[in-house]
Each structure stands twice: as C-alpha cells, then as structure tokens.
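Take a look at the structure set out below.
The values are calculated or read from the model by the stated rules, or taken from the named source; none is laboratory data. In this text the structure is predicted, and so the values were computed from the model without any measurement. Neighbour counts run over all protein chains shown; Cβ positions are idealised from the backbone, glycine included. For the accessible areas, the whole protein counts, side chains as well, though only heavy atoms, and no ligand, DNA or RNA atoms are used. Shrake-Rupley method; radii C 1.70, N 1.55, O 1.52, S 1.80 Å.
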Amino acid sequence: MKASQIERHGGQITDEVHAEAATMIRGVGLLLIFLLELAVLAVGARWGWALDAPTALRLVTAVAVPLLLAGLWGALGSPRARVPLRPSAKRAFQGGWFVLGGGMLALLGQPWLGLALVVAWVAVTILLRRDS
C-alpha cells in the first residue's frame with residue numbers, strides 16, 4: 001500500500017488490502033498443498049522401489065504406485081474430481097491420502113518426515129479454511 005493511500009484512509013488498512021492479502025495467502029496455501037500432493041506421489045515411487053523384490057518388480061511397482069495414487073486423486077481428491085464427494089468425505093479422502101504418504105515414509109525409515117508431511121497438510125488446510 002502506498003503512503004498516499006494510507007494518508008487518505010487515516011492510516012488504516014482498507015478492506016481491499018485485506019482482500020488482496022487473503023488472496024495471496026490462499027494462493028500460497030494452494031501451492032503448498034499441491035507440492036505436498038506431489039510429494040506423496042514421489043514417496044509412493046520411492047516406496048515401490050524400496051521393496052524387497054526383484055528389480056523388474058521394483059521398477060513396475062515404483063511406476064504403478066504413483067500412477068494408481070494419481071488416478072485416485074484425480075477421481076476423488078482434486079478440486080476438479082470426477083466423482084463429486086461431500087466436503088466432509090473429500091476432506092476424509094485427502095486426510096487418508098496424506099496419512100498414507102506419511103505411513104509410506106515411516107515404512108521407508110523416516111517416521112518423523114512422515115509425521116511432518118501430515119502436520120504440514122493439517123496446518124495448511126486449517127489456514128486455507130480459516131481464510132475462506
């Protein structure tokens with residue numbers, strides 16, 4: 001906000017500035033959620049590759065798990081999901097998605113990173129719900 005705008009409004013921040021800040025916060029939150037979604041796909045690939053199996057099966061699993069997860073997300077979890085869910089069901093699906101990602105990280109020997117993934121999703125989701 002420019003100094004002249006602040007002076008015109010008696011030094012108070014206008015509703016327009018609040019709206020712009022809320023829009024910016026929402027955009028950053030949505031970007032973070034998207035990056036966390038991609039992280040779950042990457043974790044799925046890593047989990048598939050880490051299986052104690054022959055290399056060919058590990059390769060197939062490392063490709064198939066993220067593809068399966070992406071298909072599920074596209075059908076049920078995304079903002080443009082093909083199967084419309086009630087808001088509570090969609091949040092439950094999304095929560096399960098991130099808990100699954102955290103669980104795969106725990107199975108890979110990174111339980112704290114898995115917990116951080118889930119906590120980050122919860123924090124950003126709360127932030128986004130508060131601003132909407």
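Just a few scattered comments:
- Per residue of the chain, the DSSP helices (runs of n ≥ 4 H) give a summed -39500 (n - 2.57) that works out to -26500 deg cm²/dmol at 222 nm.
- A compact globular protein would have a Cα radius of gyration near 2.2 N^0.38 Å; the ratio found for region 77-126 is 1.25.
- As a rough guide to protection, the peptides 59-69, 22-32 ranked by mean Cβ packing within 10 Å, highest first, stand as 59-69, 22-32.
- The modelled label-to-label distance for the pair Leu31/Leu113, using points 7 Å beyond Cα in the direction of Cβ, is 2.4 nm.
- Chymotrypsin sites (Phe, Trp or Tyr not before Pro) lying in DSSP loop within region 76-121, provided at most 10 other Cβ fall within 10 Å: none
- When the solvent-accessible area of region 32-132 is split by element, carbon and sulfur atoms take up 72 percent of it, the probe being 1.4 Å.
- Stokes-Einstein D (µm²/s) once Rh is taken as the Kirkwood radius of the chain over alpha-carbon pairs, at 10 °C in 1.306 mPa s: 93
- Heavy atoms of the protein chains alone define the surface here; on that basis the chain has 67 Å² accessible area per residue at 1.4 Å probe size.
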